[in-house]
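J.: The structure follows.
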Amino acid sequence: MHTYSLEIDDCFAVRQAARHISQLYERHLSEADVTPTQFNILRALKDGASLTMVELANAMLLDRTTLVRALQPLLHNRLVANETSMPGIRRLQLVLTHEGRTRLEEATIHWRAAQDEFERKFGPSQAEFLRRELFRISRDVSKA
């Protein structure tokens, strides 16, 4: 007879760690009135990128519903704008506004504080290794 232990459950371990790490970043980024997902949306649009909803969702590995939910406050607060790509074309492009750039600069200070706190608690080299492994896992699992 097999007994179930949370200690051997990979999914549970990853989700539990993700919750704790997310809470750390949420605490810091709330000072700039953005969530970690919203911060990453602003960063994705930072360098003058103009992305469709589908392109942004794919880049961030988010489903459309989660992306729309995160985008609504950014659009409402005019941090992100919808623009048409060309006259007569209905395809909307998401772009970062001037206000969005300003908020991103402020939020980056708080993100850096979260990053520094995590690396202090976990160790810089361990954090770098974890980040590489998690991105590798994301790439490998998405191929399956």
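The values are calculated or read from the model by the stated rules, or taken from the named source; none is laboratory data. Keep in mind that this is a model prediction, so the values were computed, not measured. In this analysis, Cβ positions are derived from the backbone assuming ideal geometry, glycine residues included, and neighbour counts consider all displayed protein chains.
J.: For Gln72, indicate whether it is surrounded by 14 or more Cβ atoms within 10 Å (Cβ to Cβ) and out of contact with any Cys (no Cβ under 9 Å at 6 or more places or on another chain).
T.: no
J.: Arg27: out of contact with any Cys (no Cβ under 7 Å at 6 or more places or on another chain) and surrounded by fewer than 13 Cβ atoms within 10 Å (Cβ to Cβ), yes or no?
T.: In short, no.
J.: Across the range 97-107, which residue is nearest to Asn40 (Cα to Cα) among those that are in a helix (DSSP H, G or I) and touching a Lys or Arg at 6+ places or on another chain (Cβ under 8 Å)?
T.: Out of the qualifying residues, it is Leu104.
J.: May I pose another question? Taking the stated definitions as given, is Glu117 in contact (Cβ under 8 Å) with a residue 12 or more places away in the chain, within 22 Å of Phe135 (Cβ to Cβ) and over 16 Å from the mean Cα position of the chain (by Cα)?
T.: So Glu117 passes the test.
J.: OK, next. Within the range 28-65, take every residue that is part of a helix (DSSP H, G or I) and among the basic types (Lys, Arg) and give me the one that is modelled with the highest pLDDT.
T.: Among those that are part of a helix (DSSP H, G or I) and among the basic types (Lys, Arg), it is Arg43.
J.: Considering the range 117-137 alone, what residues qualify as being within 17 Å of Asn40 (Cα to Cα) and either in contact with a Ser or Thr (Cβ under 9 Å, 6 or more places away or on another chain) or surrounded by 11 or more Cβ atoms within 10 Å (Cβ to Cβ) (or both)?
T.: Hit for the range 117-137 is Leu134, nothing else.
J.: Further question on the same structure: Give the residue that is surrounded by the fewest Cβ atoms within 10 Å (Cβ to Cβ), with candidates limited to residues of the range 47-69 that are of a type in the set (Val, Ile, Thr) and farther than 21 Å from Glu99 by Cβ.
T.: Looking at residues that are of a type in the set (Val, Ile, Thr) and farther than 21 Å from Glu99 by Cβ, I get Thr65.
J.: Let me ask something else about it. When the residues of the range 39-66 are narrowed to those that are of a type in the set (S, T, N, Q) and in contact (Cβ under 8 Å) with a residue 40 or more places away in the chain, which ends up farthest from His110 (Cα to Cα)?
T.: Thr52
J.: Got a sec? Which of Arg43, Arg15, Arg19 is surrounded by fewer than 12 Cβ atoms within 10 Å (Cβ to Cβ) and within 20 Å of Arg112 (Cα to Cα)?
T.: That would be Arg19, the only listed residue that is surrounded by fewer than 12 Cβ atoms within 10 Å (Cβ to Cβ) and within 20 Å of Arg112 (Cα to Cα).
J.: Would you confirm whether or not the range 80-96 contains a residue that is surrounded by 11 or more Cβ atoms within 10 Å (Cβ to Cβ), modelled with pLDDT of 95 or more and not in a strand (DSSP E or B)?
T.: no
J.: Is it the case, given these coordinates, that Leu24 is of a type outside the set (Lys, Arg), within 15 Å of Asn82 (Cβ to Cβ) and in a helix (DSSP H, G or I)?
T.: no
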